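None of the figures in this text is laboratory data; all of them are computed from the coordinates on show. Note that this is a predicted model, so its numbers are computed, not measured. For neighbour counting, all protein chains shown are included, and Cβ atoms are generated from backbone atoms with ideal geometry for every residue, glycine included.
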Amino acid sequence: MIAAVLCALAFAVSAAPSVRAQAPQVYQDWTRHCEEQGEFAGRCYIRQTLTLRNSGEMLFEIAAGYPLGGEYPLLLMTIPLGSFLPPGIVIGVDDTGQWRATVAHCNADGCHAYYRMTPELYRMFRQGRWLNVSYQDGSRRANRFQASLNGFSAAIDSIDRAP
């Protein structure tokens, strides 16, 4: 049951573009989006997308929202199609810890991994400055970079926990 609920939120976040009730709200480096129609109407999530400067190609996307009955957010991380999937996506906050997320599926938007935040990781996201990200490209070369955690706390505080 819990897995189905988590997947439902994750699919809502990764679904094809839909009509949104309001313009996204920006919280420093994070953006809040709310779904207007369909099964997930009224559900909100936050997102940050990193793209390559020259081509605009998506390098990494991370979204966070509360699953039904969840105390801590679920992360949905997306990497480009063609990435080498077995190692998954490894994240860390500033200079502490590492968490590995297994890629669950791929679609036209990219390859998606889900990670339910622990109390420790949630606290680190709120207090940290940088999210260190690593995954392997199709040639098995490591892609390592940082995503900003500036605005994460305000953004996640702006969305309601699902009942």
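Numbers at a glance
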{"read-out": "Residue-averaged [θ]222 nm for the chain, counting only DSSP H segments that reach four residues, each worth -39500 (n - 2.57)", "value": "-5000 deg cm²/dmol"}
{"read-out": "Percentage relative contact order, segment 2-157, counting C-alpha pairs under 8 Å, at least six apart", "value": "20"}
{"read-out": "Environment charge of Gly128, counting only residues whose C-beta is closer than 12 Å and scoring Lys/Arg +1, Asp/Glu -1", "value": "0"}
{"read-out": "Exposed-site-free run, longest, the chain (rule: trypsin sites (Lys or Arg not before Pro); DSSP loop; at most 12 other C-beta within 10 Å)", "value": "54-128"}
{"read-out": "Tilt relative to the chain, helix 2-14 - C-alpha long axis, 0 to 90 degrees, to 10", "value": "80"}
{"read-out": "Net charge of neighbours whose Cβ lies under 12 Å from the Cβ of Asp160, counting Lys and Arg as +1 and Asp and Glu as -1", "value": "+2"}
